[in-house]
1. Please give the number of the condition Q154 fails out of (1) at pLDDT 95 or above; (2) polar (S, T, N, Q); (3) under 22 Å from L203 (Cα atoms).
2. Here is a check on your reading of the model: is T272 more than 22 Å from Q153 (Cβ to Cβ), assigned to a loop (DSSP other than H, G, I, E, B), within 23 Å of the chain's Cα centre (by Cα) and in contact (Cβ under 8 Å) with a residue 12 or more places away in the chain?
3. May I ask you to say which residue of V242, V249 is surrounded by fewer than 21 Cβ atoms within 10 Å (Cβ to Cβ), assigned to a helix (DSSP H, G or I) and modelled with pLDDT of 95 or more?
4. With respect to A206, is the statement that it is at pLDDT 95 or above, assigned to a helix (DSSP H, G or I) and within 19 Å of the chain's Cα centre (by Cα) true?
5. From the list T225, T199, which one is on the phi < 0 side of the Ramachandran plot and either surrounded by fewer than 19 Cβ atoms within 10 Å (Cβ to Cβ) or in contact with an Asp or Glu (Cβ under 7 Å, 6 or more places away or on another chain) (or both)?
6. Restricting to the stretch 96-138, give me the number of residues that are acidic (D, E), assigned to a loop (DSSP other than H, G, I, E, B) and touching a residue at least 60 places away in the same chain (Cβ under 8 Å).
7. Would you check which residues across the stretch 13-35 are β-branched (V, I, T) and surrounded by fewer than 21 Cβ atoms within 10 Å (Cβ to Cβ) and list them?
8. Please enumerate the residues belonging to the stretch 182-203 that are outside any strand (DSSP E or B) and at pLDDT 95 or above.
Amino acid sequence: MKVGVTGGNGFIGRYVCEELAARGHVPLVFDHRDRSEGPWEVMRGDIRDATAMTELAAHCDAIIHLAAVLGTQETITNPRPAAETNLMGGLNFLEAVAQYDLPGVYICVGNHWMDNSYSISKTAVERFARMFNAHRGTKVNLVRVVNAYGPRQQAAPPFAAGKVRKITPAVVCRALSGLPVELYGGGTQISDMVWVGDTARALVSALEVASTQKALDHVVEVGPTTSGSIRDAAELIIDLCVARGYERVPIVDLPMRPGETPETAVTADTETLRSVGIDPASLVSLEEGMARTVDWFIENRGVHWNAPK
């Protein structure tokens, strides 16, 4: 299949394109910027543009919809960009696959109940997708992902130019720079993390299922088989850095950031992966995945990120 990937130049998107190619599919990146992060064909367009999304559907056999405005606390003071992009972009994706009767996959958020612009807008489209499947005959599978991590994830200032603070690069870059690791809420919250390659595997598997049968009647959830706290993950990262010759850094507790709901757990029912042919036991462990990630950040210091001076 030739598969359109909105957000195909993003962190998860690049892994999805690689997974598609490895399975013999042809990725078609859909992006509003005229650039490519891989050897894939790029179609210029904005997911907010219904005509552009229809054109994408006319030139491919399936669509995986990843593009969105991200951010938890970052989208609270100005929710409009997330609302306009995520809601209208999601509806344009659903209308496009409905018009051309294409199989599709929509990526859902693990913290779907939280009151921040990103979670609210993404979850609204998840409900629209269920409506389209029930009443418009679409074949769109829903894949809910907890915190994806891995090499190439962009760090935020002062380490790189990313606009959204992601926990893994934030902790890794601080630990490698000799700076205290800062954790919102002390990191006591359960917010599971999943290897980005496993995320891509689940998304592509869900698409292949959608192409051969009706949409699944449940959300496929991608996450680890064993849950842990953000602090557990941070301590693992610090230990991995120490094992590689770096000085141990302390952990500093910060207040819970706006947009997160305290005393709730972001986890996944990994048994749902079996419906797309994935054995939960085959997922990359946090220990192995974080070791690969720390090694990548060490190798790409000065290229992908820099320690503040």
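The values are calculated or read from the model by the stated rules, or taken from the named source; none is laboratory data. Please read all numbers here as calculations on a predicted model, not as lab measurements. Counting neighbours? That spans all protein chains shown, and the Cβs are built from the backbone with ideal geometry, glycine included.
1. The single condition Q154 does not satisfy is (1).
2. no
3. Answer to the check: V242.
4. Taking the combined requirement at face value, the residue satisfies it.
5. Details: T199 fails: either surrounded by fewer than 19 Cβ atoms within 10 Å (Cβ to Cβ) or in contact with an Asp or Glu (Cβ under 7 Å, 6 or more places away or on another chain) (or both).
Answer to the selection: T225.
6. Quick first cut of the stretch 96-138, residues acidic (D, E) only: 101, 115, 126.
Subset that is assigned to a loop (DSSP other than H, G, I, E, B): 101, 115.
From what's left, touching a residue at least 60 places away in the same chain (Cβ under 8 Å): 115.
Result for the stretch 96-138: 1.
7. In the first step, residues of the stretch 13-35 are kept if they are β-branched (V, I, T); the result is 16, 26, 29.
Selection gives V26 alone.
8. V196, G197, D198, T199, A200, R201, A202, L203
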